[in-house]
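The values are calculated or read from the model by the stated rules, or taken from the named source; none is laboratory data. No experiment lies behind these values; they were computed from the predicted model shown. Counting neighbours? That spans all protein chains shown, and the Cβs are built from the backbone with ideal geometry, glycine included.
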Amino acid sequence: MGGLKLRRLASSLLSPVPASPGSAADAHHAVARATAHHPSTAPPSAHHMDALLAFGRGSRLSAAALAAAFVDRLRAAASGQGDAAVALKCLVALRVLLARGAFILRDQLLAALARHPASGRNPLALAAFPLGLGLGRRSSSSYFAAASWVRFSARLLELVLLLPDAPAPAGAAGAEYLVALPNPHLVAELAAFVAVADAVRQAPPPPSSGPQPDTLVWEAVRLAEEDRVAAERSIAARVQEMGERLDTLSLADAVELVCVLRRVEEGSAPPAPEWKWAGLDEGVVGAARRLRERAEGVVLRRTVEERRLVRRDAGGSASARVLVPARVAAAGDAARFVSTRWAGTASAWR
């Protein structure tokens, strides 16, 4: 009996120490299991996604380890002749983690996937991902469709990473968020959501339905459609908010707004007749068109005002901006970025 206990003790002492939960080895194993090549037409399972989401419930180090494991996996899948199944599974999993993951996990994924400011290294730069042409069995339509969606999904994910971390526009928190935004920021956010909607319109066609549908590509299609719907709602909310404060825009902001709204109008129809991806809702496009017409009027008025100021300054007369008292000018600068629905409240404060 004593010998058995000694053998068990020796076995426990001599066995390798398992990696701690959330270590780099755990992260690489979890990513490899979730993005295995076989089966090549199935998305990551719910069980594997739960294992990945668990890294967001640990320390920052565990979340960073998972983000680094995804970057390594993507780089390996894009090397050589490429592995479209592994790369697309990585992109699908990343999109789910960014939507459902804890804040600490989303934060680390954003840092790992963003373009490096110094080196320019970008893990999502997959525009040249091999399409498998001329590679024998890889030349099948299913592989070509998966590789095409790797290129598209990587570009779409790049644009999604640039979106603001804003509350849903339908709730009270979303309305308060938009009201508090300065005009330049509101125009910039509108442009970011328009870029996402425009990118989805350029999506490649999914594979044709057969006896064994490619559920991996169709999962990527579903996620892209979710991004399009969310972008459309955010565009509608920002167009409405911009209509409330249109008269407070500067010339530069009004010009930028007109350019962005023209892109919204162009998003009302699919780009190619052979692939009928839904364009933006006609109600959203109509509201953007009406706002663009009003914004063009603001551009005209601001241009006339700027020319008058230039002529007055050139003629040696005092500029109108110098004649305004400093206290009133400062109040005007602060109010020019505020929604007109708060104009009455601002007047009461003064």
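Here are some conditions: (1) assigned to a helix (DSSP H, G or I); (2) modelled with pLDDT under 95; (3) farther than 18 Å from residue 163 by Cα; (4) touching a helix residue (DSSP H, G or I) at 6+ places or on another chain (Cβ under 8 Å). Residue 218 meets all but one. Which one does it not meet?
Evaluating residue 218 over (1) assigned to a helix (DSSP H, G or I); (2) modelled with pLDDT under 95; (3) farther than 18 Å from residue 163 by Cα; (4) touching a helix residue (DSSP H, G or I) at 6+ places or on another chain (Cβ under 8 Å) leaves (4) as the failure.
Any chance the stretch 205-212 includes a residue that's farther than 30 Å from residue 254 by Cα, of a type outside the set (Val, Ile, Thr) and touching a Pro at 6+ places or on another chain (Cβ under 8 Å)?
Yes, the stretch 205-212 contains a residue that is farther than 30 Å from residue 254 by Cα, of a type outside the set (Val, Ile, Thr) and touching a Pro at 6+ places or on another chain (Cβ under 8 Å).
So how many residues does the stretch 169-196 have that are more than 14 Å from the chain's Cα centre (by Cα) and either within 23 Å of residue 250 (Cα to Cα) or in contact (Cβ under 8 Å) with a residue 60 or more places away in the chain (or both)?
Total satisfying the criteria: 16.
Is at least one residue of the stretch 136-159 crowded, with 17+ Cβ neighbours inside 10 Å and on the phi > 0 side of the Ramachandran plot?
Taking every residue of the stretch 136-159 in turn, none turns out to be crowded, with 17+ Cβ neighbours inside 10 Å and on the phi > 0 side of the Ramachandran plot.
If you scan the stretch 271-285, which residues turn out to be at pLDDT 85 or above and surrounded by 13 or more Cβ atoms within 10 Å (Cβ to Cβ)?
Selection gives 281, 284, 285.
Cβ-Cβ below 7 Å, separation at least six or inter-chain, first residue in the stretch 212-239 and without any contact (Cβ under 8 Å) to a residue 12 or more places away in the chain, second β-branched (Val, Ile, Thr): which pairs?
From residues that are without any contact (Cβ under 8 Å) to a residue 12 or more places away in the chain, there are no pairs.
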